[in-house]
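Before any comments, here is the structure.
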Amino acid sequence: MSDFRLWHYDGVTAVRRNVLLRPAGAGFVLEEPESGWTGLPADWSDLTVIGLHDDRSAYGHKAVPGWRLGFSGEAPPDIAAHLPKGERYGRWIDRFGLWPAAGIFTIAAALIVWGALEAPAVVAPLVPQSWENRMGDAMVGDFGGRFCRTPAGDAALRRLAAQVDPDGEARDIALANIPMVNAVTLPGGRIILFDGLIQQAKSADEVAGVLGHELGHVRHRDTMTGLIRQLGLSVVLGGAGGNAGNYLNGVLSLSYGRGAETAADGVAIEQMRAAGISPAATAAFFERIGGKEEGREARAMSWLSSHPLSAERRRRFTAAVKPGAAYRPALDQAQWQALRTSCASDPKVAKFWGRSF
C-alpha cells in the first residue's frame, strides 16, 4: 500500500494539516512531515462517510467529534478498498429528481448555517459554570509561571479591578509577562492582561477600557460561545483534560463577532461611567494601536486580531465622554508605575521565549 497525501483536522484544534497516510496493522497513521506531527493510530473501521463526490471525499471518526480526513483527488485503489462506502451526490439527484434534491439540500444548508452561527450562543449558557471554571483553571496552568506578582503591582491591579468590576463578576484578573499587546478572557471568568498591553498604554484609564471590554465578554460568556463555534461540542463533552493547551490556543485565536464586540464595548462604557473614568482614553488607545501591530505573529497574538477595531467603535467611546464631567484617573501615578513595572520587578516570574503554549 502506498503513502498518500491528503488533508486532516484532528478534532482538537482548528488547524488544517496536509498529511501523509501510512498503513499500520489493521489501520493507518497520519503524519505531517513538515511539522513532525503524528496522529494517533486509527482503524479503517473507525471511519464514517461525511461526503462523497467523484473527485473528492471526506470521512469522520466515530469516536472523535470534529475529526476529518479528506481526499482532494481520487484515492488510490489500495486505499479506496478500505474506505467505507456511501451514497454519492449524483445518486441522490437520480433518486429524487433535480428540483426535490435541490430543495432538500437548500433546507439542509440552511440548518447547517443556523447551527454554525446560532447554536453556540444557545448551547454556551447551558454549560454548567463549574465545567467552564475547571476549563479556565486548566488553561491557566499553560501560562507556566508567567504571572507577575509584586506587592505594589498586585495592589494596583486590585485597585483597578475594584473600580471597573466592583461586583466581582470576573473570578480573577491577572497580569502575564508576555510582551504582546493583548488581553484575553478565559472560560470561567478569568481575565489576563498581557504586559505588552500595559507597556503600550499611556495611562491606567486606557487599560480600564480594555479591562471593561473583557468584563463584557465574561458577563455574556462570549469565550465559551466562541470556543464551541470554533472547535465544536468536543469543547463541552471533552472538558479541559489534556486538551487545555489546544483550547488555550483556540482562545488566543478567537475573533469575536460584531454583536459581541458591540455588547462588550457597552459594558466597558457602562462600568467606566459608574467609576467616573473618562472613555476618551480608550478611544485614544484604539486610535494609537490601530496602526502599530506589525508582523504576522504579532498580529496573530494581538488584541486587534480577536477584537477588530473600527471607526464606529472609536467614535462610540468618544461620544460617551460627558462634557464637564468630573472624571478621575483610574489609578494615581504611583499605582500606575507599580503596575507598569510589576513584571520587570518580579524576580520569580518566568520569561517569555516566544509562543510556547
- [ ] Would you grab the residues whose amide H sits under 5 Å from the one on residue 61? Only those 5+ places off in sequence or on another chain, please, with H modelled 1.01 Å from N.
- [x] 48, 67
Open item on the list: Full-extension gain between residue 50 and residue 129, please, as 0.36 nm times their residue separation minus the C-alpha to C-alpha distance.
Closed with: 25.1 nm
Task: Per-pair calculated FRET efficiency, R0 = 22 Å: residue 18 and residue 62 via Cβ, rounded to 0.05 - done: 0.40
Open item on the list: Given all pairs of different Cα atoms, what value in angstroms does the Kirkwood hydrodynamic radius of segment 4-86 take?
Closed with: 12.8 Å
Open item on the list: Less than 22 Å apart at the alpha-carbon level, and either on another chain or at least 8 residues along: which lysines does that give for residue 202?
Closed with: 292, 322
TODO: Using a Förster distance of 22 angstrom, determine the FRET efficiency expected from the C-beta separation of residue 312 and residue 142, and round it to 0.05.
DONE: 0.05
- [ ] Please sort 23-32, 181-190 by packing, taking for each peptide the average over its residues of neighbouring beta carbons within 10 angstrom, highest first.
- [x] 181-190, 23-32
TODO: Between beta-carbons, use under 10 Å as the cut-off and find the net charge around residue 342, counting Lys and Arg +1, Asp and Glu -1.
DONE: -1
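Read the figures in this text as sums done on the coordinates, not as results from a lab. On a predicted model such as this, the values are computed, not experimentally measured, just so you know. Because the Cβ atoms are built from the backbone with ideal geometry, glycine has one as well, and the counts that use them run over all protein chains shown.
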